[in-house]
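The next block holds one structure in the form of structure tokens; read it before the comments.
Please treat every number below as a calculation from the coordinates, not as lab data. Predicted model only: the values in this text are computed from it and were never measured. Using ideal geometry, Cβ is built from the backbone for each residue, glycine included, and neighbour counts are taken over all protein chains shown.
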Amino acid sequence: MLVPKDQMRGRDGDRDPGEGATAVTDVLPSHIVSWAAVCPHTLAGSRALVVDGKQELSRCSRYSLDVVRNLSAQGFLPGRDVNLTDLEQESCVDGWSYSKDIYQSTLVSEFDLVCSEQWKKPFTSTVFYLGVLSGSFFSGTISDRFGRKPVLFMTIGVQAIFTLVAIFSPSWVVFVILFFLIGLGHNSNYVSAFVLGSEILTGKVRVLLSLGITLSYAVGYMFLPLFAYFLRDWTSLMLVLSLPGFLYLPLWWFIPESPRWLLSQGRADEAEAILRKAAKKNKVEAPQPIFDGVHLQSDEAPSQEHYNVFTLVRNAGLRNITVILSLLWFTMSTGYAGLSLNTSQLHTDPYISCFISAAVEVPAYISSWLALQYLPRRLAVICIMVLGGASLYSIQLVPQDLSGLSMTLEMVGKFGVTAGFSLMYVYTAELYPTALRNTATGTCSAVSRVGSCIAPFILELSVYSKYLPQIVLGTLCFLAVFASIFLPESFGQPLPQTIQQMQKRERIKCPCMKRKANSKSVVMLESQL
């Protein structure tokens with residue numbers, strides 16, 4: 001999960017971090033870190049700065065104390081006898097003391113990531129998202145090759161173990177390496193779980209799964225500031241957040257492999273055994289046999305070819321859909337990360353600010369669930385993106401004295417991109433065949449993380465124009481609206497088992513039109529899941 005940069009800040013969070021002022025960075029997807037770096041020097045030696053029109057003392061440098069003492073001994077007065085801008089300066093050679101008004105310890109205070117070392121804060125986040133990107137990219141291909149279930153539990157274990165180990169990092173370099181490994185499992189288990197659930201469940205239950213996953217994410221996000229409020233130090237927070245991963249590992253013996261994936265690999269006996277067990281639990285009589293002579297039809301026989309990410313770009317139809325979906329995922333991720341990072345003004349209390357940012361996601365996920373229930377996928381994506389883009393464009397029209405309205409519009413924008421993000425998981429899973437479903441979802445997720453990485457830099461555009469970040473994000477939303485028009489519809493149709501079935505779906509004319517199942521094998525599988 002992505003947390004706003006200035007959301008959990010100290011008393012001086014608006015100052016320039018380059019001068020040692022209190023600032024914040026998100027060094028974990030669901031962890032919030034801030035610092036207050038203060039040079040313990042005498043007032044006579046501290047260098048004066050003008051911040052927001054007020055004169056304050058620098059917290060990263062000072063006038064050379066030997067020079068100051070010499071000038072003072074000679075009776076020279078600063079500003080009258082001595083030009084302060086010409087005085088020699090030195091760094092905080094005596095080290096820093098850190099404010100504990102809000103946090104007892106953070107990564108910044110642990111490894112002194114301030115002043116000349118402050119570049120390590122955003123770089124730490126970048127390394128994490130590079131891990132997320134790599135995990136999303138490779139886990140999808142591995143999952144389509146070796147199965148959904150092994151990858152799901154492997155990535156859960158990777159995230160839990162390395163989160164725990166990172167607590168004992170002796171240096172920032174070691175922490176960054178471990179942080180990259182945490183990123184490998186962070187989003188990969190989410191995508192694997194979503195695809196596995198989508199293939200096991202069917203119809204409205206599959207859509208309900210989407211609501212359950214996203215609402216659970218939002219509720220966990222809302223609990224984060226509560227945990228942070230009582231723990232107050234980064235090691236305790238990471239320890240608590242690593243525990244659920246270990247609790248989930250025993251579920252290996254209760255969660256089955258995807259019957260769809262097994263069938264696509266020619267392992268019909270295993271798929272049939274899982275379906276019979278499910279039928280028995282649900283007191284449904286399964287046919288005898290379930291797949292005999294059906295799944296092996298010529299156009300649907302499991303191929304011995306192992307698909308990978310390059311398959312997505314070899315075929316023209318697959319390539320077009322993948323490019324459009326990648327643009328949509330990129331837009332959603334950039335908008336979500338950017339608007340989350342820009343919510344520091346919601347409330348002066350950092351914990352309340354974080355809670356508000358999380359609470360907005362609850363109605364967004366419920367709205368996406370309702371849209372998945374009753375609206376064509378393409379229409380739902382277009383409407384949500386228009387809402388998000390229009391609200392972001394409208395912020396620049398709000399008078400300066402109506403800051404509350406600006407924040408409301410910004411939260412409406414976040415509502416739109418959050419709901420859209422939730423839709424994209426279902427939409428993507430419904431468009432691709434079983435043999436490519438996890439690869440495609442993982443690839444799109446990897447592309448989206450590029451947007452997460454550049455979102456902080458988009459916010460920096462406010463230096464040139466206050467509303468330029470919102471204009472850029474709004475433009476991306478409307479660009480996504482235009483691209484969505486060319487996507488095929490999947491509403492009310494069974495999941496495609498093969499690339500041939502996916503290509504047939506591309507010829508759908510009307511978004512609301514429903515077609516009969518493309519093959520008996522799909523109908524049979526849908527009826528039994």
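Compactness of segment 86-191, taken as the C-alpha radius of gyration over 2.2 N^0.38 Å, stands at 1.41. Computed on segment 140-219, with alpha-carbon pairs under 8 angstrom and 6+ residues apart, the relative contact order is 33 percent.
Going 7 Å from the Cα of LYS277 toward and past its Cβ, which residues in segment 238-267 have a backbone nitrogen under 14 Å from where you end up? Output list for this probe position: 251-260, 262.
A simple spin-label model places pseudo-atoms 7 Å from Cα toward Cβ; at LEU226 and PHE457 they are separated by 3.8 nm.
Just list whichever of LYS149/LYS414; LYS149/LYS204; LYS120/LYS149; LYS100/LYS414; LYS100/LYS466 have alpha carbons separated by over 25 Å in the model shown.
LYS149/LYS414; LYS120/LYS149; LYS100/LYS414; LYS100/LYS466
One decimal place: the segment GLU90-SER116 gains 8.1 nm when fully extended, by the rule 0.36 nm per residue minus the C-alpha distance. Between LEU405 and GLN288, the FRET efficiency from the beta-carbon distance, with R0 = 51 Å, is close to 0.20. Geometric descriptor of segment 358-431, per residue, is 76 Å³ (volume of the convex hull of the Cα atoms). Calculated FRET efficiency, PHE482 to ASN315, Cβ-Cβ distance, R0 = 22 Å: about 0.40 to the nearest 0.05. Suppose R0 equals 60 Å. What FRET efficiency, 1/(1 + (r/R0)^6) with r the Cβ-Cβ distance, do LEU251 and GLN74 give to the nearest 0.05? E between LEU251 and GLN74, to the nearest 0.05, is 0.20. Note that segment 326-471 carries a Kirkwood radius of 15.9 Å, evaluated over its alpha carbons pair by pair.
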